[in-house]
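In what follows, a single structure is set out as C-alpha cells and then discussed.
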Amino acid sequence: MTLESFGWNPHFARAFAAQAEQGERAGRVVCFHGAECTLWTAEGEVHAPLAGTLRKEGAITPVTGDWVLIREGAPSIRGVLKRKTLLARADSFQGGKPQPLAANIDTLLIVTGLDGDFSVRRIERFLVLAASSGIDPVIVLSKADLLAPDELAAAIAEAREAAPGVPVIPWSAMDGRDAGVIAGCVMAGQTAAVAGSSGAGKSTLINRLLGEELLATAGVRESDSRGRHTTTRRELIALPQGWIVADLPGLRAVGLWSTGEAVSAVFGEVAEAARTCRYRDCTHTVEPGCALREAVESGELGAARLAGFGKLRRETESVQQAKQRWEKTIAKAIRARTKQGFDLKR
Ligand SMILES: Nc1nc2c(ncn2[C@@H]2O[C@H](COP(=O)(O)OP(=O)(O)O)[C@@H](O)[C@H]2O)c(=O)[nH]1
Ligand SMILES: [Mg+2]
Ligand SMILES: [Zn+2]
C-alpha cells in the first residue's frame, strides 16, 4: 500500500519535510485507544504508543485521521503533522475546551434517517460544524424506503432549503440502489467523515460502499427510532473507490465549538437580511420593526429558520470567549514546542 491510498498528499509531505527528524516516518491514525494507536504506514499496519513528550499535560495528542511522526525501531509516536482540518465539538464535560473528533477530514457526510431522526435543525448544526472546520458537507437522507414518494420529496425540499448549494442525497440501503451517487461526492485520496445520530444508518452505508459487512450495525428500537450507541471506536476505512471514510461515533447532540461566522455562512440568507435590521444588537425576537421579524411575517423567511439561526448564534457567542482563551493556550504551547508545529486554531 502507498501512503497516497491512505490520503497522503502534498500538504502532508510539506508538513513532514518541515517537522520530521532523522529516523522518523509518517503514519496515519486509524484508531486510538488511550495508550496505543493503530496506524497505517507504507509498510503496513503498525501499533505504537505515544512518546513521553506527547503524554505530558497540555500536549496535543493524535486523533483519528491524524498523520503522525513515528520513530523507527521500537515504534513510538513523536509528533502530530500539521493538520489540514480538525473536526471538533465543544467538550460536553469541561466546557471551555474542544473535543477533537477527527483530523484531516475533507468531506462531512451528514447522515439523517428519514424516520424519527429527521431534523432540519440538527442538519443545520452539523453544517455549522463543517463550516467552522473548513469541511465540505454532503447531506445524506437515509432510510428513504420508509417514506411515501410525496413525503420523501417534502423532506428533500426541506433539507435543500436549509442548505443552499449543498448536495442532498436521498439514500436507502434496503431498495437495492447504488451508493455511487454518494461515492461521487468524494474525490479519490480524500477523507470523509460520516456523522449523524446513532442508528441513522451510517455503518450500513459504509458497509455498502465497502461491499462487505465490516462494521457491526444495530437494530433500531421500534418505539422511537432512536438507536443504541454501538460505535464506540472511531476508525478509518480505505474504500475501493479510492477514498477514506471515518465512522464517527453516534453524535446526536453536538455542542458547537464554532464562531458566529460559521453560523452566518450556513444561514446566508438570514445573515444577509440581518444586516438590514435597524438595531445594532438586535436579538431578532421581540424588537418592533426588526427586519428579520418582518421578513418572517411577509413569508420571505421561514420562522423555524430564523429560530435555528438565533439559537446557534447564541450558542456560538457563549463559546467565543472559551475559544479565544483556548487558542491563547495553544499558541503558547506551540511556541514552547516549535518542533511539532501544531496548528489547532480551528
Ligand atoms: N429501513 C431502513 N433501515 C436502515 C437503512 N439503513 C440502515 N438501516 C437500519 O438502521 C439500523 C441502524 O443502522 P446502523 O448502520 O447500525 O446505524 P449507525 O448507528 O448510524 O451506524 C439497522 O438496523 C439498519 O439495518 C435504510 O436505508 N432503510
Ligand atoms: Mg454505526
Ligand atoms: Zn432584528
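The values are calculated or read from the model by the stated rules, or taken from the named source; none is laboratory data. As the structure is a prediction and not an experimental result, all values here were calculated from the model. Here the Cβ positions follow ideal geometry from the backbone for every residue, glycine too, while neighbour counts run over all protein chains shown. Remember, those area values only see protein heavy atoms, side chains included, never the ligands or the DNA or RNA. Shrake-Rupley method; radii C 1.70, N 1.55, O 1.52, S 1.80 Å.
Quick one: in the stretch 266-292, which of the residues that are free of Cβ contacts under 8 Å to residues at least 12 places away in the same chain and within 32 Å of the chain's Cα centre (by Cα) is farthest from ligand 1 (Cβ to nearest atom)? I'd like the intermediate steps shown before the answer.
The first filter runs over the stretch 266-292 and keeps only residues free of Cβ contacts under 8 Å to residues at least 12 places away in the same chain, leaving 272, 275, 279-282, 286-289.
Right, trim to within 32 Å of the chain's Cα centre (by Cα) and you get 272, 275, 281-282.
On the way: Glu272: 34, Arg275: 38, Asp281: 40, Cys282: 39 Å.
Applying the filter and picking the extreme gives Asp281.
Out of Ala238, Ala246, report the one residue that is open to solvent by 20 Å² or more (accessible area, probe 1.4 Å), touching a strand residue (DSSP E or B) at 6+ places or on another chain (Cβ under 6 Å) and away from ligand 3 (no atom under 13 Å from the Cβ). Walk me through how you get there before you give the answer.
Values: Ala246 fails: open to solvent by 20 Å² or more (accessible area, probe 1.4 Å).
Exactly one of Ala238, Ala246 is open to solvent by 20 Å² or more (accessible area, probe 1.4 Å), touching a strand residue (DSSP E or B) at 6+ places or on another chain (Cβ under 6 Å) and away from ligand 3 (no atom under 13 Å from the Cβ), namely Ala238.
Out of Leu54, Leu86, report the one residue that is within 21 Å of Thr191 (Cβ to Cβ) and of a type outside the set (Val, Ile, Thr). I'd like the intermediate steps shown before the answer.
Details: Leu54 fails: within 21 Å of Thr191 (Cβ to Cβ).
From the options Leu54, Leu86, the qualifying one is Leu86.
Name the single residue that is nearest to ligand 1 (Cβ to nearest atom) among those in the stretch 190-209 being open to solvent by 30 Å² or more (accessible area, probe 1.4 Å) and of a type outside the set (Ser, Thr, Tyr). Break it down stepwise before answering.
So the first thing to find is which residues in the stretch 190-209 are open to solvent by 30 Å² or more (accessible area, probe 1.4 Å), and the list is 190, 204, 208.
After this cut, where a residue has to be of a type outside the set (Ser, Thr, Tyr) as well, the list is 190, 208.
On the way: Gln190: 21, Arg208: 9 Å.
So the residue we want is Arg208.
Can you tell me which residues in the stretch 253-295 are assigned to a loop (DSSP other than H, G, I, E, B) and surrounded by 15 or more Cβ atoms within 10 Å (Cβ to Cβ)? Before you say what the answer is, go through the steps one by one.
Looking only at the stretch 253-295, we keep the residues that are assigned to a loop (DSSP other than H, G, I, E, B), and these are 253-255, 257-259, 267, 275-290.
Selection gives Val254, Gly255, Trp257, Ser258, Thr259, Phe267, Cys277, Cys282, His284, Glu287, Cys290.
Of (1) open to solvent by less than 10 Å² (accessible area, probe 1.4 Å); (2) out of contact with any Lys or Arg (no Cβ under 8 Å at 6 or more places or on another chain), Ser119 satisfies all except one. Which?
Among (1) open to solvent by less than 10 Å² (accessible area, probe 1.4 Å); (2) out of contact with any Lys or Arg (no Cβ under 8 Å at 6 or more places or on another chain), the lone unmet condition for Ser119 is (1).
To keep it simple, each residue is scored yes or no on (1) modelled with pLDDT of 95 or more; (2) on the phi > 0 side of the Ramachandran plot; (3) part of a loop (DSSP other than H, G, I, E, B).
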{"residue": "Ala102", "(1), (2), (3)": "no, no, no"}
{"residue": "Ile105", "(1), (2), (3)": "yes, no, yes"}
{"residue": "Leu108", "(1), (2), (3)": "yes, no, no"}
{"residue": "Phe118", "(1), (2), (3)": "no, no, yes"}
{"residue": "Ile139", "(1), (2), (3)": "yes, no, no"}
{"residue": "Asp145", "(1), (2), (3)": "yes, no, no"}
{"residue": "Glu151", "(1), (2), (3)": "yes, no, no"}
{"residue": "Ile156", "(1), (2), (3)": "yes, no, no"}
{"residue": "Val166", "(1), (2), (3)": "yes, no, yes"}
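Answer yes or no as to whether Gly65 is modelled with pLDDT of 95 or more and within 28 Å of Ser172 (Cα to Cα). Explain how you work it out, then say what you get.
On the way: modelled with pLDDT of 95 or more: yes; within 28 Å of Ser172 (Cα to Cα): yes.
Against the criterion (modelled with pLDDT of 95 or more and within 28 Å of Ser172 (Cα to Cα)), Gly65 qualifies.
His11 is checked against (1) open to solvent by 40 Å² or more (accessible area, probe 1.4 Å); (2) closer than 30 Å to Ser172 by Cβ; (3) not aromatic (Phe, Trp, Tyr) and fails just one. What number does that condition carry?
Single failed check for His11: (2).
Between a residue in the stretch 26-50 that is under 17 Å from Leu248 (Cα atoms) and any residue that is aromatic (Phe, Trp, Tyr) and open to solvent by 30 Å² or more (accessible area, probe 1.4 Å), which pairs come within a Cβ distance under 8 Å, given they are 6 or more apart or on different chains?
Once the first residue is under 17 Å from Leu248 (Cα atoms) and sits in the stretch 26-50, its partners that are aromatic (Phe, Trp, Tyr) and open to solvent by 30 Å² or more (accessible area, probe 1.4 Å) give Arg28/Trp8; Thr38/Phe32.
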